[in-house]
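Scroll down for the structure; my scribbles are underneath it.
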Amino acid sequence: MPESIPSMRVAASNVVGTTLREHVLAGMRAAPGATGEFTSLLNHMSLAIRIIHSRVRQAGLADLLGYTGETNVQGEQVQKLDEYANDVLLTVLDKSGHCGVIGSEEVDDAVISSHPGKYVVLFDPLDGSSNIDTNVGIGTIFAVYRRAEPRGVPTVDEALRPGREIVCAGYALYGPSTVFVLSTGHGVHGFTLDPAIGEFFLSSPDIRCPISGSMYSVNEGNHPRWSPEVRRWNAWIKEESKQDGRPYGMRYVGSLVADAHRTLLKGGIFAYPSDRKSPDGKLRLLYEANPMAYLFEQAGGAATNGVDRILDIQPTKLHQRTPLVLGSKSDVGAYRQFVTNERTE
Ligand code: AMP
Ligand code: P6P
């Protein structure tokens, strides 16, 4: 009888970081009764984002800049990369077999999957695409819901769910590096892509949005069109006050994912108010505002349309717009006080 071989246990080391795959697998093990479908869905989302990353990095060289000559449901000129990113996400998610209904900023109506599954996925395939030709950070934003009747016949109306029912949301920011920020309801975690091996590694565990910040992010060019209440907030945030750190510094990229990511990490406030030109706001509720609002609340921040909590808004249309204010609880609270006339200075 051979001597028993001492059991070898691999010493835990930080030679290799935690991958997104390992993080998601740990989430599955912690989810009672999980079948693995959700985990597989997240792995498919990661695949789509890595494919889009690869093409975004080649865009300048692969004749993928510029316009297709078409306009989308938003009335916006479709960038070649927009269309490509949309095609990748639709194909990968449809083939995954985990989505009953898929909604995209680039498609007029929600799509019923040819291999229906138990989830609804809504996404903006390439947000900020007007910045593509100037090499500014752009991103992919998504939200995931569990279908009420997972085995029922999918209908497009299943896309019209309030953000408070989200089970997972995230974004990819294709910036100097490609980061993937994700929440499945247990905090917010950031991953950075190692393009040499095509793997995301945990780089910002348990992101918390600071309770207050020192930066505000708004398109000042819209000032003439804002309501008097928003203008009073805008004047207040720029006044000198050593007591509460005003004036705040102004940062505005003009790409929601870039502006939101900075605000999530550094605190402060991002605002896209309604105005005379965009009376319902410019940003989209279902695949821009809701996923961002979910992430900010999971990170201890806040998200409002100026009056109501974004996640409580009951959608009526796939592409409906909303005013959007994201950021530190304290800064978003102050904005809301101005907009509801609870304060005037
Ligand atoms: P599933 O049976 O795989 O579709 O998972 C059922 C539910 O368990 C999901 O809708 C999630 O809310 C949760 N869950 C399953 N897998 C994971 C995971 N990897 N990370 C976080 N939550 C999970
Ligand atoms: P404006 C980009 O076109 C976008 O949809 C968001 O990413 C961004 O926050 C917003 O529009 C910028 O809009 O009117 O300031 O250029």
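Spin-label pair A34-H186: with each label point 7 Å from Cα along the Cα-Cβ axis, the two points sit 0.6 nm from one another. Neighbours of E199 by Cβ distance under 13 Å: Lys/Arg scored +1, Asp/Glu scored -1, total 0. Considering the chain at the alpha-carbon level, its Rg and Dmax are found to be 21.1, 88 Å. Using C-alpha pairs under 8 Å with a sequence gap of at least 6, the mean separation divided by the residue count of the range 220-345 gives a relative contact order of 30 percent. With an a/c value of 1.5 or above and a/b not larger than b/c for the gyration tensor axes a ≥ b ≥ c computed over the alpha-carbon atoms, the range 209-263 is described as oblate.
Residues within the reach of a label modelled at N135 (point 7 angstrom out along Cα to beta-carbon, backbone nitrogen below 12 Å), restricted to the range 155-177, are 176. Which one of A172, A85, A148 has the biggest mean-square fluctuation once the chain is modelled by GNM with Cα springs under 10 Å? Highest fluctuation among the options: A148. What whole-number distance in Å separates the alpha-carbon centres of the range 270-345 and the range 226-255? About 16 Å separates the Cα centre of the range 270-345 from the one of the range 226-255. Estimated from the Cβ-Cβ distance and a Förster radius of 35 angstrom, the FRET efficiency linking Q74 and I197 is about 0.45. By its C-alpha gyration tensor, with a ≥ b ≥ c as the square roots of the eigenvalues, how is the range 246-345 shaped: rounded for a/c under 1.5, else prolate for a/b larger than b/c, else oblate? Cα axes put the range 246-345 in the rounded bin.
Accessible area per residue for the range 283-345, computed on protein heavy atoms with a 1.4 Å probe, is 34 Å². With contacts taken as Cα pairs under 8 Å at a separation of at least 6 residues, the chain carries a relative contact order of 15 percent.
In what order, largest first, do V230, V107 sit by accessible area if the probe radius is 1.4 Å? The partial results should precede the final answer.
Details: V230 5, V107 35 Å².
Of V230, V107, the descending order of accessible area is V107, V230.
What you get for the range 76-144, charging only the Cβ of Lys and Arg (+1) and of Asp and Glu (-1), is a dipole of about 420 debye around the Cα centre. Of the residues H98, H44, the one with the largest accessible area comes first in the ranking H44, H98, computed with a 1.4 Å probe on protein heavy atoms.
Note down the net charge around P279, summing +1 for each Lys or Arg and -1 for each Asp or Glu among other residues with Cβ under 12 Å from its Cβ.
Local charge sum for P279: +3.
Can you classify the range 82-131 as rounded, prolate or oblate using the Cα gyration tensor, where a ≥ b ≥ c are the square roots of its eigenvalues, rounded means a/c under 1.5, and otherwise it's prolate if a/b beats b/c and oblate if not? Note, shape of the range 82-131 comes out prolate.
Going by average Cβ density within 10 Å per residue, which order do the peptides 281-294, 19-32 take, highest to lowest?
Details: 281-294: 25.9, 19-32: 14.9.
Packing order, densest peptide first, comes out as 281-294, 19-32.
Rolling a 1.4 angstrom probe over the range 195-345 with all protein chains present gives an accessible area of which 49% lies on carbon and sulfur atoms.
The values are calculated or read from the model by the stated rules, or taken from the named source; none is laboratory data. Keep in mind that what you see is a predicted model, and the values were worked out from it rather than measured. Methodologically, a virtual Cβ is constructed for each residue, glycine included, from the backbone with ideal geometry; neighbour enumeration extends over all protein chains shown. Note: accessible area is taken over every heavy atom of the protein model, side chains too, but ligands, DNA and RNA are not part of it. Shrake-Rupley method; radii C 1.70, N 1.55, O 1.52, S 1.80 Å.
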